[in-house]
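Below is one structure, written out as structure tokens, with a few remarks after it.
Taken together, the values in this text are just the output of simple stated rules run on the coordinates, not laboratory data. Here the structure is a predicted model, which is why all the values come from computation and not from measurement. Methodologically, a virtual Cβ is constructed for each residue, glycine included, from the backbone with ideal geometry; neighbour enumeration extends over all protein chains shown.
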Amino acid sequence: MLLYNSLTRQKEEFKPREAGRVSMYTCGPTVYHFAHIGNLRTYTMEDVLEKYLRYIGNDVKRVMNVTDVGHLTSDGDTGEDKMLKGARREHKTVMEIAKFYTDAFFRDCAELNIKTPDVVEPATNCIDDFIDMVKTLLDKGYAYEMGGNVYFDTSKLDKYYVFGDFSEEDLAVGVRESVEEDTNKRNKADFVLWFTKSKFEDQELKWDSPFGVGYPGWHIECSCIARRHLGEYLDIHCGGIDNAFPHHTNEIAQSESAFGHEWCNYWFHVSHLNTNSGKMSKSKGEFLTVSLLKEKGYAPLVYRFFCMQSHYRKNLVFSWENLDNARSAYDKLVARVAALKPLGKEPDAAAFAEGKRRFTDALDNDLNTSLAVTALYDVFKLPTDDDTKLALIRDFERVLDLGLIEAAEARRRADEKSEESSVDPELLAYINLQIEARRAAKADKNYAEADRIRAELLSRGITLIDTKDGTRFTLSE
Ligand code: AMP
Ligand code: ZN
């Protein structure tokens, strides 16, 4: 599989360190508010990546942190802790806020068929790990204490700005943003590993440490949580593009300095979901959440389909009109799946292989989900039977996970109901009696009688269809 690697700025063959085993780390949510659908675009595309890596035969261990401390309102170490801000907004404790929004996040994920990672670790569970790594960085001379805080000294690195996609000027944005420059920093790009003194004295969660009572910086948590569950080497690290700097840049600085070797081989960054008025955010404009989509009558999986239709490295513009288009395409797709009439045969091996080849060609090329969706449409055009088509769709759904099979089944049931309700009540009663008589005949092993009943109904334009849930019928026009 070819994957674009932000570190090398090119598509590369994805090769885990150990063939067939992938260690994957994902930056999790900051749980001070609901996730917006922009955040969920990132998690959706990461979910497809994980499922595809499994689909092509890898054993994947995926770890995600939950940020419940240390993420300040500006990524440049200024502002207040987002969690504290959330708690104040809702007159609750930080831990109450964390629990509420962590649960809400995983509920949203479930609605979008985003699998929960193998390990989910809240930052507040790992304080000892953070202290340990900060100690190592101090011991090795990569960190210094100043004004009560511990800082990472970026001047100790040969190369700090590792993601060459950005100009140094762009990269400094996080720093320039800061309202008050932190005069404790030796270099502009230095960042906090451990806070003790800051302008917000009312930080609710504090821990004792060799550097004083305080709390961890945001970046250190990912380095430590990854090490705790995946060891000192990572195959792939994921996140939204805004995380590349400073967050991931700082994670790399800390981990590689602490371990004394390279840390992670592949960096997967998902581009943003924007609105017509610019970047999506939780504070401005309409706060777009999964619940809002549902309130407006969209099935959450329509949003997943919307995400699939474009490449993860392209910015995607959200509008209700675009979502409407995705919904009508999704509904048509479901109708086409529902119209397939499999006979319970084995799929045709050659046709199956051909359909699958188109799908894997698309995803092997830097996770091209929009072409994978095209491959899904192509299934209906393949010169093969419906059993093979359905088998292909089931197979693709291991990765796309659009809920097509379930939605098609629900649609068939609804169609049957409306068909039944349009049948003359007397005729319906007659048919149901015959179906029951045939069932009883079969139970008595009187197959001749069962066949006679079926034939009699057929002669009147009524076709019986046996399913695992019982017998239903269709009427010819
Ligand atoms: P947060 O909860 O703010 O830590 O963000 C969670 C994830 O969403 C991170 O991986 C961010 O990079 C990503 N993210 C933030 N905004 C957007 C957006 N507009 N579109 C896509 N991903 C985003
Ligand atoms: Zn992270």
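Determine which lysines satisfy two conditions relative to Lys282: a Cα distance under 24 Å, and not lying fewer than 8 residues away in the same chain.
Output for Lys282: Lys82, Lys85, Lys92, Lys99, Lys115, Lys294, Lys296, Lys314.
Classify segment 74-132: rounded, prolate or oblate, from the alpha-carbon gyration tensor (a ≥ b ≥ c, eigenvalue square roots; a/c under 1.5 rounded; otherwise prolate if a/b is larger than b/c)?
Oblate is the answer for segment 74-132, as a/c is 1.5 or above yet b/c matches or exceeds a/b.
Between Glu420 and Asp361, what is the label-point separation in nm under the 7 Å Cα-to-beta-carbon projection?
4.5
Under the classification rounded if a/c is under 1.5, otherwise prolate if a/b is larger than b/c and oblate if not, where does the chain fall, given a ≥ b ≥ c as square roots of the Cα gyration tensor eigenvalues?
Taking the square roots of the gyration eigenvalues as a ≥ b ≥ c, the chain is prolate.
Sequence neighbours fewer than 8 away in the same chain don't count; with that in mind, list the aspartates and glutamates whose C-alpha is under 13 Å from Lys468.
Partners found: Glu409.
May I ask you to derive the relative contact order of the chain, considering only C-alpha pairs under 8 Å and at least 6 residues apart, and to give it as an integer percent?
Dividing the mean separation by the residue count of the chain yields 16 percent.
Express in nm, to one decimal, how much length is gained between Arg89 and Ala455 on full extension, taking 0.36 nm for each residue of separation and deducting their alpha carbon distance.
124.7 nm
Which whole-number value in Å³ per residue fits the convex hull of the alpha carbons of segment 297-407?
Convex hull of Cα atoms, per residue: 93 Å³.
Using only alpha carbon pairs under 8 Å that are at least six residues apart, calculate the relative contact order of segment 17-270 and give it in whole percent.
It comes to 25 percent, rounded to a whole number.
Aspartates and glutamates within cross-link reach of Lys188: Cα-Cα under 14 Å, excluding same-chain residues under 8 positions apart?
Once the sequence-local aspartates and glutamates are set aside, what remains near Lys188 is Asp75, Asp77, Asp153, Glu168, Glu169, Asp170, Glu177, Glu180.
Of Leu433, Thr463, Ala448, whose Cα points farthest to the positive end of the dipole of segment 423-475 (charges on the beta-carbon: +1 Lys, Arg; -1 Asp, Glu; origin at the Cα centre)?
Ala448
So what's the back-of-envelope 222 nm ellipticity for the chain, counting only DSSP H runs of four-plus at -39500 (n - 2.57) apiece and dividing by all residues, rounded to 500?
About -14500 deg cm²/dmol.
Quick check: residue separation of Leu475 and Lys61 times 0.36 nm, minus the Cα distance between them. What number comes out in nm?
Extra length available between Leu475 and Lys61 comes to 143.9 nm.
Taking K and R as +1 and D and E as -1, what net charge do the other residues with C-beta under 11 Å from the C-beta of Lys99 add up to? Write down the numbers at each step before the final one.
On the way: positive: Lys92; negative: Asp68, Glu96, Asp103.
Every neighbour counted, the sum reads -2.
Give the residue list of trypsin sites (Lys or Arg not before Pro) in segment 65-95 that are DSSP loop and have at most 14 other beta-carbon atoms within 10 angstrom. Write out the running numbers ahead of the final one.
Numbers: sites: Lys82, Lys85, Arg88, Arg89, Lys92; in loops: Lys92.
Answer in residue order: Lys92.
Which part of segment 300-325 falls in the paramagnetic zone of Asn276, meaning amide N under 18 Å from the point 7 Å along Cα-to-beta-carbon?
316-325
For the peptides 408-419, 381-392, 248-259, what is the packing order when you average, over each peptide's residues, the other Cβ atoms within 10 Å and list the highest mean first?
248-259, 381-392, 408-419
Gain in length, Ala440 to Lys468, computed as 0.36 nm per residue apart minus the alpha-carbon separation, to one decimal in nm?
8.4 nm
So what is the relative contact order of segment 297-407, in percent, for Cα pairs below 8 Å that sit 6 or more residues apart? Before the final figure, lay out each step's value.
On the way: 104 pairs, mean separation 38.8, N = 111.
Relative contact order for segment 297-407 comes out at 35 percent.
Could you tell me which of Thr154, Gly70, Phe318 has its Cα farthest along the dipole of the chain towards the positive end, charges placed at Cβ (Lys, Arg +1; Asp, Glu -1), taken about the Cα centre?
Phe318
Of the peptides 146-157, 456-467, how do they stack up when ordered by the mean number of other Cβ atoms within 10 Å, highest first?
146-157, 456-467
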